[in-house]
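A quick write-up on the structure given underneath.
The values are calculated or read from the model by the stated rules, or taken from the named source; none is laboratory data. Since we're looking at a predicted model, the values are computed, not measured. Cβ coordinates were reconstructed from backbone atoms using ideal geometry, including for glycine residues, and neighbour counts include every protein chain displayed.
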Amino acid sequence: MTHLPGGAAPAGARNDLTVLTVPAFKDNYLWLIHDGVHAAAVDPGDSGPILAALAAHGLALTAILLTHHHADHIGGVPELLARFPVPVYGPGNDGIDVVTHRLGEGARVTVPRLDLELDVLEVPGHTLGHIAYVRRTPGLHWLFCGDTLFAGGCVRLFEGTPAQMAASLEKLAALPEDTEVYCAHEYTLSNLRFAQAVDADNAALQLRVRDESAKRAAGLPTVPSSIGLERSTNPFLRYQEPAIAAALVAAGRLHAGAAPVETFAALREWKNVY
Ligand SMILES: [Zn+2]
């Protein structure tokens, strides 16, 4: 399945880049950003599907971009490097030996051969060194956020604190609302079932459940979503809404008058066992 970005690009900016969705494992999405000739792979956890997609589309790999150290995001890198000796961009502080270009907050990547610039955000929480990549070309806003923000939800906190993850999600939520959100897993319907439990009167959420259920019934991905859709329907971006704290209090999972970060932590803990 290909996704063609919409919107007009200013003179000089390329709008001929496509993001190719490459399903892998049980529910991962790997991404290939390409111009029909050259491609950059984002979080290639498995080399097989990436090599097959490159061959099917006649693409040469020119870069690898990594968000964090988990095997389902980096596992395919050695085999890809054996075929394509390309630079590997990734977090400077997440323990990935294979990274050749170590990145932190505010870094800018110029992806070789694609004339694509991506800005780096540090988004600790799932892992301590996790980064995200943002394309800020006017009219062509993309976010590759690995395992941080998911469509309709957020990831488990393996290394960071609730306060770190809440701050990371707020950083992502501040991006333009038309930013396309390329997250790494198809967890959307499960996330939205939980969202309905904690945000029952949200009309935008009900519409989203209908739309995303139809996509899955047709065998289509629900990713990418958008920052605007996440802001209006994702409880982990809406945890400061009084209705969400009230639902947690009613479920016996939060005390009345709790601080926002306590609300966020209680929300994440409930999702862990939901
Ligand atoms: Zn992960």
task: Tally the residues that are free of Cβ contacts under 8 Å to residues at least 12 places away in the same chain and over 19 Å from the mean Cα position of the chain (by Cα), restricting the search to the stretch 206-261.
output: 17
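Under the condition of being of a type in the set (Lys, Arg) and in a helix (DSSP H, G or I), which residue from the stretch 222-274 is nearest to Ala166 (Cα to Cα)?
Arg268
Restricting the stretch 112-127 to residues that are of a type in the set (A, V, I, L, M, F, W, C) and away from the ligand (no atom under 13 Å from the Cβ), which is surrounded by the most Cβ atoms within 10 Å (Cβ to Cβ)? Outline the logic, then answer.
Looking only at the stretch 112-127, we keep the residues that are of a type in the set (A, V, I, L, M, F, W, C), and these are 114, 116, 118, 120-121, 123.
Now restrict to residues that are away from the ligand (no atom under 13 Å from the Cβ): 114, 116, 118, 120-121.
Details: Leu114: 20, Leu116: 22, Leu118: 25, Val120: 22, Leu121: 22.
Selected residue: Leu118.
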message: Going by what's in this entry, would Gly228 be described as under 27 Å from Leu65 (Cβ atoms) and surrounded by fewer than 17 Cβ atoms within 10 Å (Cβ to Cβ)?
response: yes
- prompt: Hey, among Val120, Val109, which residue is touching a Gly at 6+ places or on another chain (Cβ under 9 Å), more than 14 Å from Leu229 (Cα to Cα) and in a strand (DSSP E or B)?
  reply: Val120
field: Leu254 vs. criteria out of contact with any Pro (no Cβ under 6 Å at 6 or more places or on another chain) and farther than 24 Å from Tyr182 by Cβ
entry: yes
Selected residue (criterion: modelled with the lowest pLDDT) from residues of the stretch 1-28 that are surrounded by 18 or more Cβ atoms within 10 Å (Cβ to Cβ) and part of a loop (DSSP other than H, G, I, E, B): Pro5
- request: Give me the pairs, please: first residue somewhere in the stretch 171-186 and of a type in the set (Lys, Arg), second residue anywhere and assigned to a strand (DSSP E or B) and away from the ligand (no atom under 16 Å from the Cβ), beta-carbon distance under 7 Å, and either six or more positions apart or on two chains.
  value: Lys171/Leu121
task: Identify the residue in the stretch 55-85 that is under 22 Å from Arg135 (Cα atoms) and over 19 Å from the mean Cα position of the chain (by Cα) and, among all such residues, is surrounded by the most Cβ atoms within 10 Å (Cβ to Cβ).
output: Leu61
field: So Asp97, is it farther than 17 Å from Glu230 by Cα, more than 16 Å from the ligand (Cβ to nearest atom), charged (D, E, K, R) and in a strand (DSSP E or B)
entry: no
field: Options Leu103, Leu140, Leu175; residue that is surrounded by 21 or more Cβ atoms within 10 Å (Cβ to Cβ), closer than 20 Å to Thr18 by Cβ and under 18 Å from the mean Cα position of the chain (by Cα)
entry: Leu140
message: Among the residues in the stretch 148-166, are any of a type in the set (Asp, Glu) and within 19 Å of Ala195 (Cα to Cα)?
response: no
